[in-house]
Amino acid sequence: MNVIMPQLGETVEEGTVAVWHKKEGDKVAIDELLVEIETDKVATEVPSLAAGTLLKILVGEGETVKVGTTLAIIDSGDAPRAVAPKASGAPAAATQPSKPAASLAAKTATLPNTDGQGARLSPAVRKLVAQNGVDIARIRGTGREGRVKRNDVLSHLQNQAATATSLGATENVPFSALRKRIAEHMVRSKATSAHVLQAVEVDFSGVERARAALQTAWKERERSSLSYLPFVARAVALALPEFPHLNAHVAADSLTVYKAINLSLAVDLDRGGLVAPVIKNVATLQVPEIARAITKIAERARTNALKPDDMTEGTYSLTNNGSFGTFITAPVINQPQVAILSIDGVHRRPWVVTDDEGERIEIRPVGILAHSFDHRAVDGAYSGAYLRRVKQILESREWIAEFLS
């Protein structure tokens with residue numbers, strides 16, 4: 001059985017072997033950790049999909065190869081076949097010439113091989129530590145069993161630079177690999193899509209009543225806060241079936257419309273960049289299930305524990321800056337999707353209420369939902385009608401009932 005380089009996201013074309021957890025000749029079991037892969041967007045642990053013996057490692061630690069490249073061969077007693085983690089969806093690619101592991105070791109023999117706890121370091125981390133003269137023992141690792149990862153070193157360097165900077169001084173801050181990849185994606189998205197921004201004000205009184213009634217019990221049971229985000233995600237999942245051309249990808253001169261609603265959720269990595277892991281089949285979930293899914297996938301993102309399946313098949317995106325109290329954000333579309341919704345701060349504001357008694361002003365929790373859409377795919381009337389529907393759902397739905405069913 002061939003172990004294949006997975007595709008960790010729709011736009012990712014290559015990956016780097018960070019650490020092999022098995023050596024040639026070792027026995028491996030199904031779902032046993034085999035290798036760690038890093039890209040500029042995410043680091044992930046790849047388990048074995050078959051039981052057998054690791055016959056040959058074809059791509060050594062530190063080598064970068066295209067998606068679909070064979071990384072290793074496992075002798076499972078069956079005829080060889082190409083197998084990758086189920087979400088890769090990657091076609092077979094020509095294998096780049098592999099360098100023997102011995103030659104790689106020769107190049108990195110003068111670099112530190114372990115952290116302060118004796119855990120192995122990936123080649124990328126070893127190089128970064130050596131280049132910057134970092135005391136590895138001072139870095140707290142976020143990887144498996146506390147292993148120091150590349151983002152841990154980058155965060156340490158950023159903290160050092162911030163501490164050393166004096167008033168009036170300047171410094172040159174090189175982009176990290178993740179920052180470079182984000183910059184590349186954002187520029188390409190703006191150059192590709194005809195971005196248009198629309199926004200609506202939403203009265204979150206109904207949502208706020210549910211949160212106030214449920215927050216204490218939710219925190220005690222779930223060990224996390226019940227934010228506005230899962231309510232907005234639920235409203236989006238209820239509205240999108242009425243506006244299917246927003247749940248789509250642009251493909252050349254056509255639109256690929258999806259039945260399943262898979263939400264890409266922008267997750268901040270402690271201000272060191274962001275990733276957009278995917279919550280699948282959101283239309284089948286109610287608010288409590290969505291809230292748990294958000295907490296779980298955000299935690300995996302921030303601890304470098306995302307799997308290949310977490311980064312693929314997104315059909316629509318949400319980004320949430322509300323915790324920072326922002327007024328309005330014009331988000332950049334996550335290619336090849338056609339739209340993204342931003343949730344900004346909810347603030348108590350004067351709000352005109354109209355009912356059978358006439359008009360009056362009340363203080364209500366009000367926030368803005370900002371929607372960037374690709375004008376190639378839909379027009380302003382289509383996006384505007386969708387925003388109106390999301391607003392109606394948020395303002396009129398009996399949210400507490402979703403927690404009682």
Collect the residues in the stretch 17-27 that are under 17 Å from R147 (Cα atoms), assigned to a strand (DSSP E or B) and either of a type in the set (F, W, Y) or open to solvent by 10 Å² or more (accessible area, probe 1.4 Å) (or both), keeping them in residue-number order. W20
Looking at S323 and the list (1) within 24 Å of the chain's Cα centre (by Cα); (2) over 30 Å from E45 (Cα atoms); (3) crowded, with 16+ Cβ neighbours inside 10 Å, which single condition is not satisfied? (3)
Apart from one, (1) modelled with pLDDT of 95 or more; (2) touching a strand residue (DSSP E or B) at 6+ places or on another chain (Cβ under 6 Å); (3) of a type in the set (A, V, I, L, M) all hold for V353; the odd one out is (1)
With respect to V346, determine if the residue is surrounded by 16 or more Cβ atoms within 10 Å (Cβ to Cβ), closer than 21 Å to Q215 by Cβ and modelled with pLDDT of 95 or more. yes
Looking at (1) within 17 Å of A194 (Cα to Cα); (2) in a strand (DSSP E or B), can you tell me which one Q335 breaks? (2)
Whether any residue in the stretch 288-304 is closer than 18 Å to F403 by Cβ, part of a helix (DSSP H, G or I) and more than 19 Å from the chain's Cα centre (by Cα) is what I want to check. yes
Please count how many residues of the stretch 8-50 are under 30 Å from V250 (Cα atoms) and in contact with a helix residue (DSSP H, G or I) (Cβ under 7 Å, 6 or more places away or on another chain). 9
Farther than 18 Å from V196 by Cα, of a type in the set (A, V, I, L, M, F, W, C) and at pLDDT 95 or above - does that describe any residue in the stretch 370-389? no
T142 is checked against (1) at pLDDT 75 or above; (2) of a type in the set (V, I, T); (3) more than 27 Å from the chain's Cα centre (by Cα) and fails just one. What number does that condition carry? (3)
Does T303 qualify as being out of contact with any strand residue (DSSP E or B) (no Cβ under 6 Å at 6 or more places or on another chain), β-branched (V, I, T), buried (at least 23 other Cβ atoms within 10 Å of the Cβ) and at pLDDT below 95? no
Tally up the residues in the stretch 54-69 that are farther than 24 Å from K127 by Cβ and surrounded by fewer than 20 Cβ atoms within 10 Å (Cβ to Cβ), please. 2
Any chance E145 is part of a helix (DSSP H, G or I), under 30 Å from E289 (Cα atoms) and charged (D, E, K, R): yes
Residue in the stretch 191-208 that is surrounded by fewer than 13 Cβ atoms within 10 Å (Cβ to Cβ), free of Cβ contacts under 8 Å to residues at least 40 places away in the same chain and under 30 Å from T303 (Cα atoms) present: no
Does the stretch 71-87 include one or more residues that are at pLDDT 90 or above and either in a loop (DSSP other than H, G, I, E, B) or open to solvent by 40 Å² or more (accessible area, probe 1.4 Å) (or both)? yes
Among (1) crowded, with 23+ Cβ neighbours inside 10 Å; (2) under 18 Å from the mean Cα position of the chain (by Cα), where does G367 come up short? (2)
Taking the options I4, I30, name whichever one is of a type in the set (A, V, I, L, M) and crowded, with 21+ Cβ neighbours inside 10 Å. I4
Within the stretch 38-53, of all residues that are at pLDDT 85 or above and outside any strand (DSSP E or B), the one surrounded by the most Cβ atoms within 10 Å (Cβ to Cβ) is S48
How many of the residues in the stretch 245-280 are under 30 Å from L404 (Cβ atoms) and surrounded by fewer than 14 Cβ atoms within 10 Å (Cβ to Cβ)? 2
The number of residues in the stretch 105-136 that are at pLDDT 65 or above and open to solvent by less than 70 Å² (accessible area, probe 1.4 Å) is 14
Scanning the stretch 371-405 for residues that are open to solvent by 80 Å² or more (accessible area, probe 1.4 Å), of a type outside the set (G, A, S) and over 27 Å from the mean Cα position of the chain (by Cα) gives D379, R388, Q392, R397, E398, L404
Within the set of pairs 6+ apart or on separate chains, which have a first residue in the stretch 212-227 that is in contact (Cβ under 8 Å) with a residue 12 or more places away in the chain, a second that is exposed (fewer than 15 other Cβ atoms within 10 Å of the Cβ) and not in a loop (DSSP other than H, G, I, E, B), and C-beta atoms under 9 Å apart? A213/I400; L214/I400; E222/R292; S224/R292; L226/Q215; L226/K219; S227/S323
Name every residue in the stretch 237-272 that is farther than 19 Å from E313 by Cβ, modelled with pLDDT under 95 and of a type in the set (A, V, I, L, M), in order of residue number. A252, L269
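The values are calculated or read from the model by the stated rules, or taken from the named source; none is laboratory data. Because the structure is predicted, anything quoted here is derived from the model rather than measured. With ideal geometry, Cβ positions are generated from the backbone for all residues, glycine too; neighbour counts draw on all protein chains shown. Side chains are part of the model used for accessible areas, which takes the heavy atoms of the whole protein and leaves out ligands, DNA and RNA. Shrake-Rupley method; radii C 1.70, N 1.55, O 1.52, S 1.80 Å.
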